[in-house]
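Some notes on the structure that comes next.
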Amino acid sequence: MSHINTMIHNGESTQGDVIKLVKELSPSKVAVFEKAYNGKSLKAGIKSFCLSCQDCKPYNIRNCESKGCSLWNVRPYQEEA
């Protein structure tokens with residue numbers, strides 16, 4: 001489980017805590033999390049979920065093997081067919 005995913009699922013962190021960690025791990029991804037937390041974009045919500053699960057690494061999302069995940073078919077960073 002990724003650092004962000006662990007933080008989210010421990011039940012003790014806030015969205016601000018997650019944003020702070022994302023700023024440390026992958027500053028370029030902060031805007032996606034902020035947009036998702038503002039509830040303005042379903043796409044950002046899906047993207048931030050996948051980023052949190054895969055340590056903010058697009059390569060890991062693209063090659064995700066968690067086919068049981070309900071978002072697997074709509075995950076971002078997939079190679080175009």
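The values are calculated or read from the model by the stated rules, or taken from the named source; none is laboratory data. Treat the numbers as computed from the prediction; the structure is a model and nothing was measured. Positions of Cβ are generated from backbone atoms using ideal geometry, with glycine treated the same way; all protein chains shown enter the neighbour counts.
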Checklist entry - Residues in segment 41-81 that are under 18 Å from residue 20 (Cα atoms) and basic (Lys, Arg): how many? => result 2
Item to check | Condition check for residue 80: modelled with pLDDT of 95 or more and of a type in the set (Asp, Glu) | outcome: no
Checklist outcome for this item: Output for Cβ contacts, cut-off 9 Å, separation at least six or different chains, first residue loosely packed, with under 13 Cβ neighbours inside 10 Å in segment 27-52, second hydrophobic (A, V, I, L, M, F, W, C), reads 28/56; 31/44; 38/44; 42/36
Checklist entry - Is it the case that segment 17-34 has a residue that's assigned to a loop (DSSP other than H, G, I, E, B) and at pLDDT 95 or above? => result no
